[in-house]
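Have a look at the structure below before the remarks.
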Amino acid sequence: MAIKGRMSGNEAVSYAIRQVNPDVMPAFPITPSTEIPQMVSNYIANGEMDTEFIPVESEHSSMSAAIGAEAAGARSLTATSSAGLALMWEELLLAASNRLPLVMTLVNRTLSGPININCDHSDGMGARDTGWIQIYAENNQEAYDNFIQAYPIAEHAKVHLPVMICQDGFITSHAVENITLMEDELVKDFVGEYQPEEFLLNPGKPIAVGPYSVSNYAMEAKKNQEDAMVQAKEVILQVAEAFEKISGRKYGFFEEYRLEDAEYIMLIMGSAAGTAKEAVDELREKGKKVGILKLRVFRPFPAEEIAKALSKAKAVAILDRCESYHGTGGPLGEEVMAALFRSKVSIEAVNYIYGLAGRDFTVDHAKEVFGELESMITKGIRPEQFQYIGLRK
């Protein structure tokens, strides 16, 4: 039976962690993810779960401890944000290359500088090439649901890669929304028990984790890791299908919102998708054929699927909540445009930067973007590429 409640995004993820009841959680506090280890430690202290909580001296140590626990055969996780993720950089690569299916809940916050504690995606996007699966949430419900799906994806025999479950700092992490929870036993049955084939504490079957790899083997290991990322696409959809059967909520690589006849599409990720949907609804009432493609899975990147979803449009606006500092826009923009090119989908594409360090993104901003797309097609007025939405003059 579904359980109706009201929770912040951090509460929702913490509740999911309690239901999954992993073996080990090392963590170090950093805004705005601090509440997650705080709430989990309260569940443990109250006897509601038996996870081993390890307070550590830094985020680097928390990921190191999670790697060690996972390698030893324990289902492990941690939580962090922003500079905490950056401090883990070396360990992120080790977790993925050692094929350890641990999970991290990332509450997205801008990376310094200048120093700022509000939301953008520079932390998650900065880690996009570390070999982690990345799944983003629009709202608290999705943050909860995504976490429950994380371990079945990570631990699948075709995958064995770590998973990053992302939500927008303060916007979803601290805002309270209505949410539908599942019963504990239903979640436990769905996630199952962790039964690793190889682990350090397996008597009579010694293994090495993270040994030095000579040149004759390292390249093959990296190719195997890439193959696992490709195979993760199929597994993500399989897990989503199984999750829909127990929850009634459908997930995929992305959500198509009013795309059936859309001529102008906004591709966006995270909480701002809700704002963009409101703009679409208002413009639809005026007869405008607009829609949203909300990306959920950023890694593995669903390039061919995105290109197909956009193929019938006249123009797409690709919105990045992150700057790449290479002079040609954001990471989402460059990957979507490459996907369109490789699939020979010839539509107009404009990359925008928005919401850096918590800058507001409004319904009016979204309407303006759609207006620029329409003017480009109907009047030949080309918008500025890589423009910052809401930038003070």
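What number of residues within region 135-181 are aliphatic (A, V, I, L, M) and in contact with a helix residue (DSSP H, G or I) (Cβ under 6 Å, 6 or more places away or on another chain)? Don't jump to the end; show me each part of the working.
The initial filter retains those residues of region 135-181 that are aliphatic (A, V, I, L, M), namely 135, 137, 143, 148, 150, 153-154, 157, 159, 161, 163-165, 171, 175-176, 179, 181.
Within this subset, residues satisfying the condition of being in contact with a helix residue (DSSP H, G or I) (Cβ under 6 Å, 6 or more places away or on another chain) are 135, 137, 143, 148, 153, 159, 161, 163, 165, 179.
Qualifying residue count for the region: 10.
In this structure, is Lys294 touching an Asp or Glu at 6+ places or on another chain (Cβ under 6 Å) and surrounded by fewer than 17 Cβ atoms within 10 Å (Cβ to Cβ)?
Working: touching an Asp or Glu at 6+ places or on another chain (Cβ under 6 Å): yes; surrounded by fewer than 17 Cβ atoms within 10 Å (Cβ to Cβ): no.
No.
Which condition from (1) in a helix (DSSP H, G or I); (2) out of contact with any Pro (no Cβ under 7 Å at 6 or more places or on another chain); (3) closer than 26 Å to Ile292 by Cβ is the one that Met164 breaks?
With respect to (1) in a helix (DSSP H, G or I); (2) out of contact with any Pro (no Cβ under 7 Å at 6 or more places or on another chain); (3) closer than 26 Å to Ile292 by Cβ, Met164 is out only on (1).
Is it fair to say Leu200 is assigned to a loop (DSSP other than H, G, I, E, B), under 18 Å from the mean Cα position of the chain (by Cα) and in the same structural domain as Arg109 (by TED's automatic domain parsing)?
On the way: assigned to a loop (DSSP other than H, G, I, E, B): yes; under 18 Å from the mean Cα position of the chain (by Cα): no; in the same structural domain as Arg109 (by TED's automatic domain parsing): yes.
Here the answer is no, as Leu200 does not meet what is asked.
Does region 202-214 include one or more residues that are crowded, with 17+ Cβ neighbours inside 10 Å and β-branched (Val, Ile, Thr)? Don't jump to the end; show me each part of the working.
Restricting attention to region 202-214, the residues satisfying the condition of being crowded, with 17+ Cβ neighbours inside 10 Å are none.
Looking through region 202-214, none of the residues is crowded, with 17+ Cβ neighbours inside 10 Å and β-branched (Val, Ile, Thr).
Among the numbered criteria (1) at pLDDT 95 or above; (2) surrounded by fewer than 18 Cβ atoms within 10 Å (Cβ to Cβ); (3) touching a helix residue (DSSP H, G or I) at 6+ places or on another chain (Cβ under 9 Å), which single criterion is violated by Ala2?
So the condition that Ala2 fails would be (1).
Answer with yes or no whether Phe147 is aromatic (Phe, Trp, Tyr), part of a loop (DSSP other than H, G, I, E, B) and either buried (at least 24 other Cβ atoms within 10 Å of the Cβ) or assigned by TED's automatic domain parsing to the domain that holds Ala27 (or both).
Values: aromatic (Phe, Trp, Tyr): yes; part of a loop (DSSP other than H, G, I, E, B): no; either buried (at least 24 other Cβ atoms within 10 Å of the Cβ) or assigned by TED's automatic domain parsing to the domain that holds Ala27 (or both): yes.
In short, no.
Being among the hydrophobic types (A, V, I, L, M, F, W, C) and either in a helix (DSSP H, G or I) or not assigned by TED's automatic domain parsing to the domain that holds Pro32 (or both) is true for just one of Leu77, Leu92. Which residue is that? Quick ask: steps written out before the conclusion?
On the way: Leu77 fails: either in a helix (DSSP H, G or I) or not assigned by TED's automatic domain parsing to the domain that holds Pro32 (or both).
Result of the check over Leu77, Leu92: Leu92.
Restricting attention to region 123-143, and to residues there that are surrounded by 24 or more Cβ atoms within 10 Å (Cβ to Cβ) and either more than 12 Å from the chain's Cα centre (by Cα) or among the small types (Gly, Ala, Ser) (or both), which single residue is nearest to Gly330 (Cα to Cα)?
The residue in question is Gly124.
If Pro331 satisfies all but one of (1) crowded, with 16+ Cβ neighbours inside 10 Å; (2) over 30 Å from Ser112 (Cα atoms), what's the number of the condition it fails?
(2)
If Pro55 satisfies every condition in (1) of a type outside the set (D, E, K, R); (2) closer than 22 Å to Gln167 by Cα; (3) free of Cβ contacts under 8 Å to residues at least 40 places away in the same chain but one, which is the exception?
Pro55 satisfies every listed condition except (2).
Six or more apart or on different chains, Cβ under 9 Å: which pairs go from a residue in region 226-241 that's touching a residue at least 24 places away in the same chain (Cβ under 8 Å) and under 16 Å from Met164 (Cβ atoms) to one that's among the hydroxyl-bearing types (Ser, Thr, Tyr) and in a helix (DSSP H, G or I)? Could you list them?
Between residues of region 226-241 that are touching a residue at least 24 places away in the same chain (Cβ under 8 Å) and under 16 Å from Met164 (Cβ atoms) and residues that are among the hydroxyl-bearing types (Ser, Thr, Tyr) and in a helix (DSSP H, G or I), there is no close pair.
If you take just the helices (runs of 4 or more DSSP H) that sit entirely in region 236-344, which of them hold at least 3 residues that are over 19 Å from Leu373 (Cα atoms)? Even if it seems obvious, please write down each step before you answer.
Working: elements: 272-285, 303-310, 331-342.
Output list reads 303-310, 331-342.
Could you list, in sequence order, the residues of region 19-49 that are in contact with an Asp or Glu (Cβ under 8 Å, 6 or more places away or on another chain), surrounded by fewer than 20 Cβ atoms within 10 Å (Cβ to Cβ) and not in a loop (DSSP other than H, G, I, E, B)? So that I can check it myself, show each step before the final result.
If we filter region 19-49 for residues that are in contact with an Asp or Glu (Cβ under 8 Å, 6 or more places away or on another chain), which is where we start, we get 19, 21, 23-25, 28, 30, 35, 39, 44.
Those still in the list that are surrounded by fewer than 20 Cβ atoms within 10 Å (Cβ to Cβ) too: 21, 23, 39, 44.
Those that are in contact with an Asp or Glu (Cβ under 8 Å, 6 or more places away or on another chain), surrounded by fewer than 20 Cβ atoms within 10 Å (Cβ to Cβ) and not in a loop (DSSP other than H, G, I, E, B): Met39, Ile44.
The values are calculated or read from the model by the stated rules, or taken from the named source; none is laboratory data. What you are looking at is a predicted structure, and each value in this text was computed from that prediction instead of being measured. Neighbour counts run over all protein chains shown; Cβ positions are idealised from the backbone, glycine included.
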